[in-house]
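Asker: This structure is in C-alpha cells; I'll ask about it shortly.
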Amino acid sequence: MKDLQIVWGKCLEKFRDNIHENSYKQWFEPIIPISLIQDGRGIYTLTIEVPSHFYYEFIEERFSDIMEKTLNSVIAPFTRLEYSIQIINNENGQSIKTTVPQNFKTENNRPINIPIDESKPKNPYIIPGLDKYQIHSYLNANLNFENLVEGECNRLGRSVGLAITQSPGNNSYNPFFIFGKSGYGKTHLLHAIGNQTKKIFPAKNVLYLDTKKFETSFTDHVKNNCRNDFMNFFQLIDVLIMDDIQFLSSKDKTQEAFFHIFNQLQTQQKQIIISCDKNLKEIEGLDERLVSRFRWGITAELGQPEYNTRLEIIKQQAKKDGLTNEMELEESIYEFIAANATNPREMLGVLNSILATANLEHKKITLDIAKEITQKIIKNSEKNITIDYIFNYVANYLIISPEAIKGNSRKKEVVTARHIIMYFAKKYTKLSLQEIGFLIGNKDHATVIHAQKKITDHMETDKQFKKDIETIEKKFIS
C-alpha cells in the first residue's frame, strides 16, 4: 500500500513545477489529502479535502488536466480523484461533508450541483436606516490618495495600494500586509485604498473593519447562536480591509473564524488588506496558519516620515484647516513642528492646539508660542529631548549665539559647539543624519558624521573634554 503523505508530497512537487507559484500557493497548498485506497481490481482512489464548492469548481475548470496527469504519473495509471467538500447549511448550521468524483458531469456537461443554502447572508454590520443587506464600507472619505503625502517612508506601500485599486483581487499583491508604528499612516493608507477602489469600481463591496469591532461582532453572534450568519456574510465582500490585526493575538476562536473567512475570500479571488503595528515575526499569540497566509502576497513597512515629508504633511493639514490670512503661520513655525514632532499624529495634534489657541485668544501665533505649545504636547520617551532643546541648551551653556552656530563661522569654539549639538542630536533623537545637518545650519550628512567622530575621538584623548561633555549631558537629561 502506498503511503498517503509521501504520495501527496510527490504530487505537490509536480504541481509546483508546472504552474505559477502564486497559483500553487493559493489553490494547492490548502488542499488536505484524506485517503488513498486501492480496490480489488488494483485501481487507486485518492480523496482530497477542499474548503468550498467554489474551490472544487475552480480546480476542476483550471487544473483538472494537470491533476489527472500528475496522479497517473505518481500513483498509477487510471487513478481516480475524489473531492471532500465541507458545506455549512445556513438554516440549521450543520456542517456536511459531500464527496464528489473528479469530472462527474450533468447532462449539460456542467459540474454537479451540490445542494447549498443560497439565501442571502445577514449583515452583521448594519447601520440603522439602511437596507439589512446593504454593505456600508465604513470608509472615511477624507482619507484618500490625494492627501496622502508620499515619501521614502511609505513609497512602496502607497505604490502597491494604488496598483491594487486597478484590479482588486486579481493581482499578485493578495493579501497586502502593511505594518508600522502607531501614527505612521497605516489607517490613512487603508482608507485611501478603499476609497479609490470604490471610485473606480462603484459596484464592488468594500468593507473596512477595525479588528476589535470584528471580534466584538463575532463574539455577539456566537452568543446568539448566529455564527453561520456572521461567517456567510463575508461571501458578499469584494475587498476586505482589516486594521490592527494584532488584536487577534490569543483570541483562538476569533482567529479560527478569520482563518476560514480568509480562505473563503482567497478562493474567490477577493482582495484582502491587513494592517498591524509590528512585523509578522514579532506578533505573539497569532496562529501560524494565519501568519503563513499573510505572507502569501506582499508586505510593506511604513516607516517614520523623514523631515521633508513631515513638513509637507503639516503644511497640507494647515491648508486643509483653512487658515485665514490673520492666522497664517510663519514658515519657521512649520519647520519647528516638523523637526520636533517626529510622529505625524503628534504633529497634527500640535497644529490643532496652535490653531485653537489662535482662535480662542485672538492673537497671532509666534514661534515662541508654537514652541511652548509643542513642548507641552510632545511626549518623548527619554524626556522631552528634541533637537531644538539640545540646540538651545548647548548654546546657552557654552554662551554662543544660535546665529553663530547655524552660520558659517570657523572659530574653534563655534565649530565645537556645532559638533556637540550634532553628537547629542544623533544620540537622543530619531532624526536622520541629513535632517540633523539641515536643521543645524543646512549642513550635509557628511558633516554630521565628521562631527560625531571628532567628539568621540576628542573624548578618548582629553579627559577634561570628556568630563565637560558628560556634565552637559547630565544637566540636559536630568
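Asker: Can you give me the three principal axis dimensions of region 387-477 from its C-alpha atoms, in Å, biggest first?
Answerer: 31, 26, 23 Å, listed from the longest principal axis down.
Asker: So what are the radius of gyration and Dmax for the Cα set of the chain, in Å?
Answerer: 30.2, 99
Asker: Please determine, in degrees from 0 to 90 and to the nearest 10, the orientation of helix 307-320 with respect to the longest principal axis defined by the Cα atoms of the chain, where the helix direction is its Cα long axis.
Answerer: Helix 307-320 sits at roughly 80 degrees to that axis.
Asker: Can you give the FRET efficiency to the nearest 0.05 for ALA356 and ASN392, using r as the Cβ-Cβ distance and R₀ = 35 Å? Write down the numbers at each step before the final one.
Answerer: Working: r = 25 Å, r/R0 = 0.73.
After rounding to 0.05, the efficiency reads 0.85.
Asker: Another question, then. How much length is gained on full extension from GLU413 to ARG227, taking 0.36 nm per residue of separation minus their Cα-Cα distance?
Answerer: Working: separation 186, 0.36 × 186 = 66.96 nm, distance 7.28 nm.
Computed gain between GLU413 and ARG227 is 59.7 nm.
Asker: Here is a further query. Checking the a/c ratio against 1.5 first, then a/b against b/c, what shape does the Cα gyration tensor give for region 155-301?
Answerer: oblate
Asker: Show me, for region 201-207, the HN-Hα J-couplings you get by feeding each phi into the Karplus relation (A = 6.51, B = -1.76, C = 1.60, θ = phi - 60°), rounded to Hz, glycine and proline as x.
Answerer: Computed from phi, the couplings for region 201-207 are 10, x, 7, 6, 8, 10, 10 Hz.
Asker: Another question about this same structure. Which number do you get for Rg(Cα) / (2.2 N^0.38 Å) in region 307-377? Present the calculation step by step, with values, prior to reporting the outcome.
Answerer: Values: Rg = 10.8 Å, N = 71, 2.2 N^0.38 = 11.1 Å.
Working it through for region 307-377, the quotient is 0.97.
Asker: If you don't mind, another one. Quote the FRET efficiency, to the nearest 0.05, computed for ASP468 versus LYS320 with a Förster distance R0 of 45 Å and r equal to the Cβ-Cβ distance.
Answerer: Once the sixth-power term is evaluated, E becomes 0.45.
Asker: What is the distance in Å between the Cα centroid of region 277-321 and that of region 179-200?
Answerer: Using only Cα atoms to place each centre, the spacing works out to 10 Å.
Asker: Starting from the Cα of ASP444, step 7 Å along the direction of its Cβ; do the same at LYS281; then give the gap between the two resulting points in nm.
Answerer: If labels sit at ASP444 and LYS281, their model points lie 3.5 nm apart.
Asker: Which residues' amide hydrogens lie under 5 Å from the amide hydrogen of GLY169, considering only partners 5 or more residues apart or on another chain, with H built in the peptide plane?
Answerer: For GLY169, the qualifying residues are GLN271.
Taken together, the values in this text are just the output of simple stated rules run on the coordinates, not laboratory data. As the structure is a prediction and not an experimental result, all values here were calculated from the model. A quick note on method: Cβ atoms are made from the backbone with ideal geometry, for glycine too, and the neighbour counts reach across all protein chains shown.
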